[in-house]
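See below for the structure under consideration.
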Amino acid sequence: MAIAAPTRLLGEILVADGLITPDVVAEALARAQSTGERLGEALVALGRARPEDVLRALARQQGLVYVPRDELPSAIPVLKNLSPKYLRQYAVCPVSAEGGVLTVATADPLNPVIADDLRQSTGLSVRFVVSPADGIVEAIDRAYNGAVSPLQRIVEGMEDGERGGDADEDVSHLRDMAFEAPVVRLVNLLVEGAIAAEASDIHIEPFEDTLRIRYRIDGILFDQEAPPRRLQAAVTSRIKIMAEMNIAERRLPQDGRIRVTLHGRRVDIRVSTIPTVHGESIVMRLLDRSTVFLPLERLGFSAATETRFAALIKRPHGIILVTGPTGSGKTTTLYGALDKINRPDLKIITVEDPVEYQLKGVNQIPVKAKIGLTFANGLRHIVRQDPDVILVGEIRDLETAEISIQASLTGHLVFSTLHTNDAPGAITRLQDMGVEPYLVSSVLEAVLAQRLVRRVCEVCRTEYRPAPADLEALGVNAEPGATLFHGGGCDTCRGTGYRGRTGIYELFRITDDIRSLILRRASTPEIRRAAVESGMSTLRLDGWDKARQGITTIDEVLRVTQEDA
């Protein structure tokens, strides 16, 4: 990491702050010349300045953030290529690793060797923050040997007979290992840690000589402390038994489900395994029943979008689609919409894969493809149940799309989801499936595209002025001197500057002009231009509004959205 040339001398900054006098600077410079110390070191050695004051001044001189020792994260990321010996030797402490950037606390940001070593060892870009050396060493000791972690205690307490080998072991041995107390505690610890960190997913990935554990927190993956590679077979077998999966089948992907109650909270875990070169990779999706469902008012809609969407979902018939990538909150939005219109005089039926949250007063059907209960088959029978509102978890093929359209044409309001990059792209997606344009134009009422962005941590939120390049990348013109907010990083947000997520939305209403474009098979860019001209606020504009309110940052909006066509 290149350090910009200082614009002010360290002594000048300390004098300007009233911490020392010019005479003291001269005294320290004289000592530095004879001892080879830096000015800051000389001031501290002479007792003329506190180490914290020198470090704060150094951070300001280099344009870096100063992080006090008590604000260093309590659990630092443990990176496999960085040994505790190296970290202690150079007094550097990883604070966070996200988005290809490793943030490191150091008391010596002027040392070019540190940045080069870290970049080569981790393959990440390096960003420095400044912290006291003793605080950094304490954080390193906490992470590595200040206190042995619960996972280390479990692993060290395992005897040779309890150690898992490779994936070629016989099934009876794997089953025996899966029920050993240390293995049970180890898997429980991984789940409890993910729930405590408010993670949405646990990734367990075997490689040639390591087992990698990662939690997805607020949409971003973070490395966690992992057990040794030798325990991979035992951990995999334990999870597969909990999820009622076949532990003997290691060549094919499998899906399962685990239900746990922790501290009074009911959590459903969706488990997926897939074979890789070095063993089975496992992803566990945590579905916390207390967070899957949120009222429509708490999802992050702007006032105008919420009013329009609330009016659309009360229509007697038609199709309303919610689009976005996996994990963008589509199901949560649809649950919020159903809860909004749920009343005794309406019959609501859903067909979902899986049913993630049980809505009171709603008939919910789980897809079971193994016995022939697919979206299309379930939907075909739903229409005979005299419903008013139908929710189809996802339109995946032409058959499901056609039955949904027929249901709409016969007087039903149909909700569903699609995987598209933006709202107008849903029209092209349906046509690519084989749906005729006249059917799309006659039944489609609106498409809501959405993404999830991380919220700025309210504890460490600070103001800053955005760079013109960031505003240009976002495609907005801000008034001169506009201030936005970002998080500096604290224990509350695990040093990331973010805590929690909210949605950004673009609501595409199908007007008569849009229906004409659909009928003549207009391209997605043409439809998008017409939608914007008719008043549609794009994902990026909605994100910009939330950035101006201090809810999120420009970086987050750019991360989850593509450049507008």
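Which of the trypsin sites (Lys or Arg not before Pro) across the range 339-405 are loop residues per DSSP, with 10 or fewer other Cβ within 10 Å?
Here the trypsin sites (Lys or Arg not before Pro) that fit, given the DSSP loop and packing criteria, are K360.
When the dipole is taken about the Cα centre of the chain, and only Lys, Arg (+1) and Asp, Glu (-1) are charged at their Cβ, what size is it in debye, to the nearest 20?
In debye, rounded to 20, the chain gives about 1100.
Once the Cα atoms of helix 303-312 and of the chain are each reduced to a long axis, what angle between those two axes, in degrees from 0 to 90 to the nearest 10, is obtained?
Tilt of helix 303-312: around 20 degrees.
Return the loop-located trypsin sites (Lys or Arg not before Pro) in the range 195-281 (DSSP other than H, G, I, E, B) with at most 12 other Cβ atoms within 10 Å of their own Cβ; answer none if there are none.
Loop-located and lightly packed - R251.
Could you size up the charge dipole of the range 241-335 around its Cα centre, putting +1 on the beta carbon of Lys and Arg and -1 on that of Asp and Glu, and report it in debye to the nearest 20?
For the range 241-335, the charge dipole is close to 240 debye.
I need the peptides 30-40, 186-196 ranked by packing, meaning the mean over residues of other C-beta atoms within 10 angstrom, with the highest value on top.
Per-residue Cβ counts within 10 Å, averaged per peptide and sorted highest first, yield 186-196, 30-40.
In nm, to one decimal, how far is the D209 label point from the E306 one, both placed 7 Å along Cα→Cβ?
With each label point 7 Å from Cα toward Cβ, the separation is 5.5 nm.
Which of the GluC sites (Glu not before Pro) across the range 306-375 are loop residues per DSSP, with 11 or fewer other Cβ within 10 Å?
Passing both the DSSP loop test and the Cβ count: no residue.
Return P(r) of the chain (all Cα-Cα pairs; 10 Å bins starting at 0; whole %; ordered from short to long distances).
3, 14, 21, 22, 19, 12, 6, 2, 1, 0
What shape does the range 448-522 take by its C-alpha gyration tensor, where a ≥ b ≥ c are the square roots of the eigenvalues and a/c under 1.5 counts as rounded, a/b above b/c as prolate, and the rest as oblate?
Oblate, since a/c reaches 1.5 and b/c is not below a/b.
Just order 322-333, 440-451, 105-116 by mean Cβ neighbour count inside 10 Å, highest at the front, would you?
Put in order of decreasing packing, that is 440-451, 322-333, 105-116.
Rolling a 1.4 Å sphere over the protein heavy atoms, what is the accessible area per residue of the chain, to the nearest Å²?
Dividing the accessible area of the chain by its residue count gives 47 Å².
What FRET efficiency do you get for D141 and S34 if R0 is 30 Å and r is their Cβ-Cβ distance, rounded to the nearest 0.05?
Result of the calculation: an efficiency of 0.30.
Rounded to the nearest percent, how much of the accessible area of the chain (1.4 Å probe, protein heavy atoms only) is carbon and sulfur?
49 percent
Checking the a/c ratio against 1.5 first, then a/b against b/c, what shape does the Cα gyration tensor give for the range 250-329?
Prolate, since a/c reaches 1.5 and a/b exceeds b/c.
Determine the sum of side-chain charges near P437: Lys and Arg each +1, Asp and Glu each -1, restricted to other residues whose C-beta is under 9 angstrom from that of P437.
+1
Using just the Cα positions, wrap the range 417-565 in a convex hull and report its mean projected area in square nanometres, one decimal place.
Approximately 9.5 nm², given one-decimal rounding.
For R501, which sequence-distant residues (separation of 5 or more, or a different chain) have an amide H within less than 5 Å of its own amide H, given hydrogens modelled in the peptide plane?
R455
Where a ≥ b ≥ c are the square roots of the eigenvalues of the C-alpha gyration tensor, would you call the range 284-428 rounded, which needs a/c under 1.5, or, failing that, prolate if a/b is larger than b/c, or oblate?
Rounded, because the longest to shortest axis ratio a/c is under 1.5.
Picking from S442, L507, T326, whose Cα lies most toward the positive end of the charge dipole for the chain (charges on Cβ: Lys, Arg +1; Asp, Glu -1)?
Sorting the options by dipole projection puts first S442.
The values are calculated or read from the model by the stated rules, or taken from the named source; none is laboratory data. Since we're looking at a predicted model, the values are computed, not measured. Using ideal geometry, Cβ is built from the backbone for each residue, glycine included, and neighbour counts are taken over all protein chains shown. Keep in mind that these areas ignore ligands, DNA and RNA; they rest on the heavy atoms of the full protein, side chains included. Shrake-Rupley method; radii C 1.70, N 1.55, O 1.52, S 1.80 Å.
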